[in-house]
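The structure appears below as structure tokens.
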Amino acid sequence: MSTNRRTFISTASAATAGIIAGNNQTAYAQTSGKGKRDPGKLLRIGVLTCHPTHHHMPNIYGPIIQCVEQGKYVPTRMTGMILTHIWDHDPKRVESYCERFGTKPVKRYKDMVGKVDGIMLTDLRAADYYHILAEPYLNAGIPVFFNRCFTPRVNRAKAVVELSKKYGTPILVPSEFEYTEALYTLREKIKEFGPKIKGVTGYNWSIEITHDVHGLWLLLAAVGGGIESVTVNRSVKSIFDKGNDTWTIKFKPREDNESFYATLHNTSNFGTNASVRINFEKMSFEENIWGSGNTGTVWQFMMVPPLLAFQRIIEGRDMEQSHEHIIEKTAAFIAGFKSHLELGGQPALLSELDDDYCVYCDPNPTTYPDATFD
């Protein structure tokens, strides 16, 4: 029998939260209703799938949430969350995570229902299974965080969205760029100088496929959706080799705003993580997301904000991006590589994108045995 999120959270007790080994902290999650929680308690987060070396959890999200040393940097507590449980199909990998982060293992992927307040999926090698892995938690009303680039196929994204709508459970699919101060400044300038947009030019520090998504999603978060086509020209054929990419996004007309284009250049760093310049009728405005070699600064201003956005929806706040926007930004990313791989750098129309067209963001996607989901 599924446990409803709001019923579960409001009745959670200190006894069920447990001691988080290795961190010398007692972590509890308890709220008194939607949008309210005891600020002295930490929300329990479960981890589904865990890449041994990258894809954020071992090197960024895990150390931030657990206040665990990463390199020479030891973060202070910057969220109201704590990792408590973890599942992966590889027991040795789970063991290493538990040792580092003080989490508890579970035997089956669905065994964290009733034990956590939120779920994070961050290993992109398992993205083809995200909709299956997340369903027990969405069914139970437990919000789910999906690492970018979310899913390799539009139909997988739609499956997650349908589950989110069906059970009324919020989801978050973030790029950290979407929650930076620069993004909110861009939106305010659009309100001030818009709404008509004549064109957009963006730069993103990226020389590999998984990082192109940051610049693309930053542009879409700033100016909105309504995409007609996406074009990608890449300096190398393989999407897994390092290279330079130029994306061109054609937007459909909006009310009294005619169609316009956004161009995004992805290349090596020239001193900033990203920049966006928006041309209006009578002026233009540019905003930068500045780079920094300081881990603490980068984490505080780029990596923590999406985690806090996740915390907000666990606490009962509304999703900050609509389901429709999540599907469109996912489709736009996939369409770009259809343009590159299949269309010779010609525009890929979103209206003609096959729901099952697949772009893996990791060259070694995971294949689970059927028994995993029994």
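The values are calculated or read from the model by the stated rules, or taken from the named source; none is laboratory data. Since we're looking at a predicted model, the values are computed, not measured. Don't worry about glycine lacking a Cβ; one is built from the backbone with ideal geometry, like all the others, and counts go over all protein chains shown. Each accessible area value is taken on the protein alone, full model and side chains, heavy atoms only, with ligands, DNA and RNA left out. Shrake-Rupley method; radii C 1.70, N 1.55, O 1.52, S 1.80 Å.
Structure above, values below:
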read-out	value
Calculated FRET efficiency for the pair Asp256/Thr53, C-beta based, R₀ 41 Å, to 0.05	0.25
Per residue, in Å², the accessible surface of the stretch 263-319 once ligands and nucleic acids are set aside, probe 1.4 Å	47
Quotient of C-alpha Rg and 2.2 N^0.38 Å, computed over the stretch 213-274	1.25
Sequence of Ser206, Ser351, Ser259 from largest to smallest accessible area, 1.4 Å probe	Ser351, Ser259, Ser206
Amide H contacts under 5 Å for Asn273, placed H, 5+ residues apart	Ile289, Trp290, Gly291
Relative contact order (%) - the chain, alpha-carbon pairs under 8 angstrom, separation at least six	17
Measure of compaction for the stretch 186-232 (Cα Rg per 2.2 N^0.38 Å)	1.26
Dipole moment magnitude, nearest 20 debye, the stretch 335-374 about Cα centre, only Lys, Arg, Asp, Glu C-beta charged	260
FRET efficiency, Asp354 to Asn294 (Cβ-Cβ, R0 30 Å, nearest 0.05)	0.10
Largest-first ordering by accessible area, 1.4 Å probe, given options Ile249, Ile190	Ile190, Ile249
Extent along principal axes [Cα atoms of the chain; Å; largest to smallest]	61, 44, 43
Gyration tensor verdict on the stretch 240-374 (Cα atoms; rounded if a/c is under 1.5, prolate if a/b is larger than b/c, oblate otherwise)	rounded
Cα Rg, Dmax, the stretch 159-272, angstrom units	15.7, 45
Local net charge near Pro52, Cβ-Cβ under 14 Å (Lys/Arg +1, Asp/Glu -1)	-2
Coil-residue trypsin sites (Lys or Arg not before Pro) of the stretch 52-122, DSSP, other Cβ within 10 Å capped at 10	Lys72, Lys107
Whole-angstrom Cα spans of the stretch 330-374 along principal axes, big to small	42, 22, 15
Apportionment of accessible area to carbon and sulfur, the stretch 252-292, percent (1.4 Å)	48
Gyration tensor verdict on the stretch 75-163 (Cα atoms; rounded if a/c is under 1.5, prolate if a/b is larger than b/c, oblate otherwise)	prolate
In Hz, Karplus ³J(HN,Hα) per residue of the stretch 140-149 (6.51, -1.76, 1.60; θ = phi - 60°; x = Gly, Pro)	8, x, 9, x, 10, 9, 10, 5, 5, 9
Surface accessible to a 1.4 Å probe, per residue, for the residues of the stretch 59-145, Å²	35
Relative contact order for the stretch 121-267, counting Cα pairs under 8 Å that sit 6 or more residues apart, in percent	20
Accessible-area composition of the stretch 126-195, carbon plus sulfur, in percent [1.4 Å probe]	48
Separation of the Ala371 and Tyr184 label points, Cα + 7 Å toward Cβ, nm	5.0
Check: the stretch 286-328 dipole with +1 on Lys, Arg Cβ and -1 on Asp, Glu Cβ, in debye	280
Accessible heavy-atom area order of Glu228, Glu258, Glu352, highest first, probe of 1.4 Å	Glu352, Glu258, Glu228
Added length on full extension, which subtracts the Cα-Cα distance from 0.36 nm per residue, Met283 to Glu208	23.7 nm
Label-point separation, Arg77 to Asp111 (7 Å along Cα→Cβ), nm	2.8
